[in-house]
Amino acid sequence: MSRLAGAPAQLMSGTLFSHTFGVVTVDRPGTRGREAGGPGRGSLAAWQGGDMIEAVVFDLDGVLIDSEPVWEEVRRDVVATHGGHWAPDAQRRLMGMSTGEWARYLSEELGVGLPPDQVAALVIERMAEHYARELPLMPGATNAVRRLAGRWPLGLASSSPPVLIETVLDAAGIRGFFGPTVSTEDVPHGKPAPDVYLTVASRIGVQPARGAAVEDSSNGLRSAAAAGLHVIAVPHPRYPPDPDALTTTEAVVPNLNELTLGLVAGLDK
(Lines give C-alpha, C1' and ligand atoms only; values in the text may rest on other atoms or scores of the structure.)
Protein backbone atom coordinates (compact mmCIF):
# COMPACT_ATOMS: atom_id res chain seq x y z
CA MET A 1 0.00 0.00 0.00
CA SER A 2 1.51 3.33 -1.02
CA ARG A 3 1.30 6.46 1.09
CA LEU A 4 1.27 10.13 0.32
CA ALA A 5 4.53 11.66 1.50
CA GLY A 6 4.07 13.48 4.78
CA ALA A 7 0.48 12.34 5.26
CA PRO A 8 -0.53 11.04 8.70
CA ALA A 9 -0.67 7.27 8.93
CA GLN A 10 -4.29 7.32 10.02
CA LEU A 11 -5.26 8.77 6.64
CA MET A 12 -4.18 5.63 4.90
CA SER A 13 -5.42 2.89 7.21
CA GLY A 14 -8.12 0.72 5.68
CA THR A 15 -8.07 2.49 2.31
CA LEU A 16 -6.42 1.50 -0.95
CA PHE A 17 -4.48 4.21 -2.76
CA SER A 18 -2.43 4.78 -5.87
CA HIS A 19 0.33 7.38 -5.45
CA THR A 20 1.45 9.33 -8.49
CA PHE A 21 3.15 12.72 -8.62
CA GLY A 22 1.98 13.82 -5.18
CA VAL A 23 -1.68 13.07 -5.87
CA VAL A 24 -3.42 10.08 -4.36
CA THR A 25 -6.39 8.64 -6.22
CA VAL A 26 -8.57 6.21 -4.33
CA ASP A 27 -9.06 2.74 -5.71
CA ARG A 28 -12.68 1.80 -4.97
CA PRO A 29 -15.00 -0.75 -6.54
CA GLY A 30 -16.05 0.68 -9.88
CA THR A 31 -13.25 3.25 -9.96
CA ARG A 32 -9.67 3.20 -11.12
CA GLY A 33 -6.84 5.11 -9.51
CA ARG A 34 -4.82 7.33 -11.84
CA GLU A 35 -2.63 10.40 -11.84
CA ALA A 36 -4.11 13.86 -12.21
CA GLY A 37 -4.94 14.43 -15.84
CA GLY A 38 -4.04 10.86 -16.76
CA PRO A 39 -6.12 8.64 -19.01
CA GLY A 40 -9.61 7.85 -17.82
CA ARG A 41 -13.20 8.13 -18.87
CA GLY A 42 -13.51 11.68 -17.60
CA SER A 43 -10.45 13.00 -19.42
CA LEU A 44 -11.56 11.24 -22.61
CA ALA A 45 -14.97 12.86 -22.35
CA ALA A 46 -13.35 16.23 -21.83
CA TRP A 47 -11.06 15.65 -24.83
CA GLN A 48 -14.14 14.87 -26.91
CA GLY A 49 -15.62 18.20 -25.84
CA GLY A 50 -18.05 17.12 -23.12
CA ASP A 51 -16.91 17.42 -19.51
CA MET A 52 -18.42 14.89 -17.16
CA ILE A 53 -18.03 17.48 -14.40
CA GLU A 54 -20.21 20.54 -14.87
CA ALA A 55 -19.67 22.38 -11.55
CA VAL A 56 -17.37 22.39 -8.54
CA VAL A 57 -18.50 22.97 -4.96
CA PHE A 58 -15.99 24.01 -2.31
CA ASP A 59 -16.18 23.66 1.42
CA LEU A 60 -14.88 26.72 3.28
CA ASP A 61 -13.43 25.85 6.69
CA GLY A 62 -10.32 23.74 6.41
CA VAL A 63 -10.31 23.93 2.60
CA LEU A 64 -10.12 27.60 1.63
CA ILE A 65 -9.42 29.02 5.06
CA ASP A 66 -7.39 27.48 7.86
CA SER A 67 -10.11 28.22 10.36
CA GLU A 68 -10.45 24.94 12.25
CA PRO A 69 -7.68 25.86 14.72
CA VAL A 70 -9.39 29.22 15.23
CA TRP A 71 -12.80 27.60 15.79
CA GLU A 72 -11.24 25.23 18.31
CA GLU A 73 -9.43 28.02 20.15
CA VAL A 74 -12.54 30.21 20.36
CA ARG A 75 -14.89 27.39 21.39
CA ARG A 76 -12.43 26.05 23.97
CA ASP A 77 -12.20 29.52 25.51
CA VAL A 78 -16.00 29.92 25.62
CA VAL A 79 -16.38 26.49 27.20
CA ALA A 80 -13.71 27.17 29.83
CA THR A 81 -14.94 30.69 30.59
CA HIS A 82 -18.53 29.59 31.15
CA GLY A 83 -17.99 26.54 33.33
CA GLY A 84 -18.00 23.77 30.75
CA HIS A 85 -15.64 20.89 30.05
CA TRP A 86 -13.89 20.21 26.73
CA ALA A 87 -14.26 16.58 25.61
CA PRO A 88 -11.29 14.83 23.93
CA ASP A 89 -13.29 14.23 20.74
CA ALA A 90 -15.12 17.56 20.79
CA GLN A 91 -13.38 19.21 17.84
CA ARG A 92 -13.78 16.15 15.61
CA ARG A 93 -17.48 15.95 16.45
CA LEU A 94 -18.00 19.68 15.91
CA MET A 95 -16.53 19.78 12.40
CA GLY A 96 -19.39 19.99 9.91
CA MET A 97 -22.14 20.76 12.44
CA SER A 98 -24.47 23.63 11.65
CA THR A 99 -24.50 26.66 13.94
CA GLY A 100 -27.59 25.46 15.78
CA GLU A 101 -26.13 21.99 16.20
CA TRP A 102 -22.76 23.04 17.58
CA ALA A 103 -24.28 25.72 19.81
CA ARG A 104 -26.57 23.08 21.39
CA TYR A 105 -23.62 20.71 21.73
CA LEU A 106 -21.56 23.30 23.62
CA SER A 107 -24.52 24.32 25.78
CA GLU A 108 -25.96 20.90 26.56
CA GLU A 109 -23.16 18.36 26.11
CA LEU A 110 -20.12 20.38 27.13
CA GLY A 111 -21.89 22.19 29.96
CA VAL A 112 -21.58 25.83 28.89
CA GLY A 113 -23.80 27.81 31.23
CA LEU A 114 -25.54 29.75 28.46
CA PRO A 115 -28.49 28.99 26.16
CA PRO A 116 -27.54 27.89 22.64
CA ASP A 117 -28.45 31.16 20.94
CA GLN A 118 -26.14 33.10 23.24
CA VAL A 119 -23.37 30.55 22.74
CA ALA A 120 -23.68 30.93 18.97
CA ALA A 121 -23.67 34.72 19.09
CA LEU A 122 -20.61 34.80 21.34
CA VAL A 123 -18.56 32.36 19.26
CA ILE A 124 -19.47 33.99 15.93
CA GLU A 125 -18.61 37.45 17.28
CA ARG A 126 -15.17 36.24 18.36
CA MET A 127 -14.59 34.49 15.04
CA ALA A 128 -15.44 37.70 13.16
CA GLU A 129 -13.03 39.65 15.38
CA HIS A 130 -10.26 37.19 14.58
CA TYR A 131 -10.89 37.40 10.84
CA ALA A 132 -10.78 41.19 11.07
CA ARG A 133 -7.29 40.92 12.55
CA GLU A 134 -6.02 38.08 10.37
CA LEU A 135 -7.52 36.00 7.57
CA PRO A 136 -5.81 32.60 7.62
CA LEU A 137 -6.23 31.55 3.99
CA MET A 138 -4.99 28.10 3.06
CA PRO A 139 -1.94 28.09 0.76
CA GLY A 140 -3.04 28.20 -2.86
CA ALA A 141 -6.68 28.95 -2.02
CA THR A 142 -7.22 32.01 -4.19
CA ASN A 143 -5.33 30.53 -7.11
CA ALA A 144 -7.32 27.29 -6.92
CA VAL A 145 -10.60 29.21 -6.96
CA ARG A 146 -9.53 31.35 -9.89
CA ARG A 147 -8.20 28.34 -11.79
CA LEU A 148 -11.35 26.24 -11.47
CA ALA A 149 -13.69 29.20 -11.97
CA GLY A 150 -12.15 29.66 -15.41
CA ARG A 151 -13.67 26.34 -16.47
CA TRP A 152 -16.66 25.52 -14.23
CA PRO A 153 -19.29 27.39 -12.22
CA LEU A 154 -18.43 27.31 -8.53
CA GLY A 155 -20.58 26.94 -5.45
CA LEU A 156 -19.83 26.85 -1.76
CA ALA A 157 -21.28 24.50 0.88
CA SER A 158 -20.21 25.54 4.36
CA SER A 159 -21.02 24.92 7.98
CA SER A 160 -20.09 28.50 8.81
CA PRO A 161 -22.89 31.01 9.34
CA PRO A 162 -23.65 33.26 6.35
CA VAL A 163 -22.06 36.33 7.97
CA LEU A 164 -18.70 34.57 8.28
CA ILE A 165 -18.94 33.10 4.76
CA GLU A 166 -19.41 36.55 3.27
CA THR A 167 -16.70 38.04 5.50
CA VAL A 168 -14.13 35.49 4.29
CA LEU A 169 -15.03 35.60 0.60
CA ASP A 170 -15.07 39.41 0.52
CA ALA A 171 -11.82 39.77 2.46
CA ALA A 172 -10.09 37.22 0.23
CA GLY A 173 -11.33 38.96 -2.91
CA ILE A 174 -12.94 35.80 -4.33
CA ARG A 175 -16.65 36.45 -3.81
CA GLY A 176 -17.18 37.19 -7.48
CA PHE A 177 -15.95 33.74 -8.53
CA PHE A 178 -18.76 31.95 -6.69
CA GLY A 179 -22.36 31.45 -7.62
CA PRO A 180 -24.54 30.10 -4.80
CA THR A 181 -23.06 30.01 -1.31
CA VAL A 182 -25.10 27.98 1.16
CA SER A 183 -24.66 27.64 4.90
CA THR A 184 -25.89 24.64 6.84
CA GLU A 185 -27.95 27.22 8.72
CA ASP A 186 -30.07 27.45 5.56
CA VAL A 187 -30.92 23.73 5.35
CA PRO A 188 -32.68 21.30 7.70
CA HIS A 189 -29.61 19.23 8.61
CA GLY A 190 -25.88 19.94 8.80
CA LYS A 191 -23.08 17.75 7.55
CA PRO A 192 -22.79 14.70 7.32
CA ALA A 193 -26.35 14.93 5.96
CA PRO A 194 -26.37 15.75 2.23
CA ASP A 195 -28.71 18.75 2.50
CA VAL A 196 -26.22 21.56 1.93
CA TYR A 197 -24.60 19.94 -1.13
CA LEU A 198 -27.94 19.05 -2.66
CA THR A 199 -29.06 22.65 -2.22
CA VAL A 200 -25.94 24.11 -3.83
CA ALA A 201 -26.16 21.72 -6.80
CA SER A 202 -29.82 22.59 -7.28
CA ARG A 203 -29.11 26.33 -7.22
CA ILE A 204 -26.27 25.96 -9.71
CA GLY A 205 -28.59 23.92 -11.90
CA VAL A 206 -26.61 20.67 -12.16
CA GLN A 207 -27.30 17.10 -11.18
CA PRO A 208 -25.18 16.07 -8.18
CA ALA A 209 -23.59 13.29 -10.25
CA ARG A 210 -22.20 15.98 -12.57
CA GLY A 211 -20.62 17.95 -9.74
CA ALA A 212 -17.33 17.69 -7.84
CA ALA A 213 -16.90 18.57 -4.18
CA VAL A 214 -13.70 19.68 -2.44
CA GLU A 215 -13.70 18.77 1.25
CA ASP A 216 -11.40 18.15 4.20
CA SER A 217 -13.35 16.78 7.17
CA SER A 218 -14.97 13.42 7.83
CA ASN A 219 -18.45 14.91 8.04
CA GLY A 220 -17.89 17.03 4.96
CA LEU A 221 -16.67 14.09 2.89
CA ARG A 222 -19.65 12.01 3.98
CA SER A 223 -22.04 14.85 3.22
CA ALA A 224 -20.79 15.38 -0.32
CA ALA A 225 -20.71 11.65 -1.03
CA ALA A 226 -24.23 11.17 0.34
CA ALA A 227 -25.41 13.91 -2.01
CA GLY A 228 -23.93 12.01 -4.95
CA LEU A 229 -21.08 14.35 -5.92
CA HIS A 230 -17.60 13.22 -6.92
CA VAL A 231 -15.48 13.93 -3.85
CA ILE A 232 -11.92 15.25 -3.67
CA ALA A 233 -10.31 15.31 -0.24
CA VAL A 234 -7.76 17.89 0.87
CA PRO A 235 -7.08 16.61 4.40
CA HIS A 236 -6.04 19.03 7.09
CA PRO A 237 -2.87 17.67 8.75
CA ARG A 238 -4.05 18.65 12.23
CA TYR A 239 -7.56 17.24 11.80
CA PRO A 240 -7.25 14.25 9.46
CA PRO A 241 -10.50 12.63 8.32
CA ASP A 242 -11.47 9.14 9.40
CA PRO A 243 -10.28 6.34 7.12
CA ASP A 244 -13.86 5.25 6.40
CA ALA A 245 -14.72 8.79 5.27
CA LEU A 246 -11.81 8.72 2.84
CA THR A 247 -13.24 5.63 1.16
CA THR A 248 -16.01 7.87 -0.22
CA THR A 249 -13.51 9.96 -2.18
CA GLU A 250 -12.15 9.62 -5.70
CA ALA A 251 -8.95 11.59 -5.09
CA VAL A 252 -6.87 12.87 -2.19
CA VAL A 253 -4.54 15.81 -2.73
CA PRO A 254 -2.01 17.18 -0.21
CA ASN A 255 -2.81 20.83 -0.91
CA LEU A 256 -4.80 23.11 -3.18
CA ASN A 257 -1.92 23.56 -5.60
CA GLU A 258 -2.55 19.94 -6.64
CA LEU A 259 -6.23 20.64 -7.36
CA THR A 260 -5.69 20.86 -11.10
CA LEU A 261 -8.08 21.14 -14.00
CA GLY A 262 -6.93 17.73 -15.20
CA LEU A 263 -7.69 16.07 -11.90
CA VAL A 264 -11.22 17.46 -11.72
CA ALA A 265 -12.00 16.85 -15.39
CA GLY A 266 -10.77 13.27 -15.09
CA LEU A 267 -13.10 12.17 -12.29
CA ASP A 268 -15.01 8.96 -12.94
CA LYS A 269 -18.73 8.65 -13.44
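The values are calculated or read from the model by the stated rules, or taken from the named source; none is laboratory data. Worth saying up front: this structure is predicted, and the values here are computed from it rather than measured. Methodologically, a virtual Cβ is constructed for each residue, glycine included, from the backbone with ideal geometry; neighbour enumeration extends over all protein chains shown.
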- Does residue 227 fit the bill of being under 16 Å from residue 96 (Cα atoms), modelled with pLDDT of 95 or more and not charged (D, E, K, R)? yes
- Within segment 106-135, count every residue that is closer than 25 Å to residue 255 by Cβ and surrounded by 14 or more Cβ atoms within 10 Å (Cβ to Cβ). 4
- Could you list, in sequence order, the residues of segment 218-256 that are under 19 Å from residue 92 (Cα atoms) and in a strand (DSSP E or B)? 233
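Restricting to segment 79-105, and then to whatever is in contact with a Leu (Cβ under 7 Å, 6 or more places away or on another chain) and surrounded by 19 or more Cβ atoms within 10 Å (Cβ to Cβ), can you tell me which residue is nearest to residue 162 (Cα to Cα)? Walk me through it before giving the result.
First pass over segment 79-105, keeping only residues in contact with a Leu (Cβ under 7 Å, 6 or more places away or on another chain): 79, 82, 84-87, 90, 102, 105.
Now drop any that are not surrounded by 19 or more Cβ atoms within 10 Å (Cβ to Cβ), which leaves 79, 84, 90, 102, 105.
On the way: 79: 23, 84: 27, 90: 23, 102: 15, 105: 20 Å.
Once the filter is applied, the top-ranked residue is 102.
Mind checking which helices (runs of 4 or more DSSP H) fall wholly inside segment 1-113 and carry at least 2 residues that are under 15 Å from residue 264 (Cβ atoms) and either modelled with pLDDT under 95 or not assigned by TED's automatic domain parsing to the domain that holds residue 153 (or both)? Write out each step before concluding.
Working: elements: 9-12, 41-47, 68-81, 90-94, 99-104.
Here the list reads 41-47.
Tell me whether segment 149-164 contains one or more residues that are among the basic types (Lys, Arg), assigned to a loop (DSSP other than H, G, I, E, B) and at pLDDT 95 or above.
Residues of segment 149-164 that are among the basic types (Lys, Arg), as a first pass: 151.
Imposing the further condition that a residue be assigned to a loop (DSSP other than H, G, I, E, B) reduces the set to 151.
Then drop every residue that is not at pLDDT 95 or above, which leaves 151.
The answer is yes, given that some residue of segment 149-164 is among the basic types (Lys, Arg), assigned to a loop (DSSP other than H, G, I, E, B) and at pLDDT 95 or above.
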- Message: So, in segment 165-187, exactly how many residues are in a strand (DSSP E or B) and either aliphatic (A, V, I, L, M) or farther than 14 Å from residue 61 by Cβ (or both)?
- Response: 4
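Conditions tested, residue by residue: (1) modelled with pLDDT under 95; (2) buried (at least 23 other Cβ atoms within 10 Å of the Cβ); (3) under 19 Å from residue 62 (Cα atoms).
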position	(1), (2), (3)
197	no, yes, yes
200	no, yes, yes
207	no, no, no
221	no, yes, yes
231	no, yes, yes
238	yes, no, yes
- Task: Within segment 53-81, work out how many residues are out of contact with any Asp or Glu (no Cβ under 6 Å at 6 or more places or on another chain), within 30 Å of residue 212 (Cβ to Cβ) and of a type in the set (Ser, Thr, Tyr).
- Result: 0
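Could you tell me which residue of segment 162-205 is farthest from the chain's Cα centre (by Cα), considering only residues that are among the charged types (D, E, K, R) and closer than 20 Å to residue 230 by Cα?
Just the residues of segment 162-205 that are among the charged types (D, E, K, R), to begin with: 166, 170, 175, 185-186, 191, 195, 203.
Pick out the ones that are also closer than 20 Å to residue 230 by Cα and you get 191, 195, 203.
Numbers: 191: 10, 195: 14, 203: 18 Å.
Residue satisfying both the conditions and the ranking: 203.
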- Residue under evaluation residue 192, criteria (1) assigned to a helix (DSSP H, G or I); (2) surrounded by fewer than 22 Cβ atoms within 10 Å (Cβ to Cβ), criterion not met: (1)
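Within 24 Å of residue 235 (Cα to Cα), hydroxyl-bearing (Ser, Thr, Tyr) and surrounded by fewer than 17 Cβ atoms within 10 Å (Cβ to Cβ): is that true of residue 184 in this structure?
On the way: within 24 Å of residue 235 (Cα to Cα): yes; hydroxyl-bearing (Ser, Thr, Tyr): yes; surrounded by fewer than 17 Cβ atoms within 10 Å (Cβ to Cβ): no.
Judged against the criteria, residue 184 is not a match.
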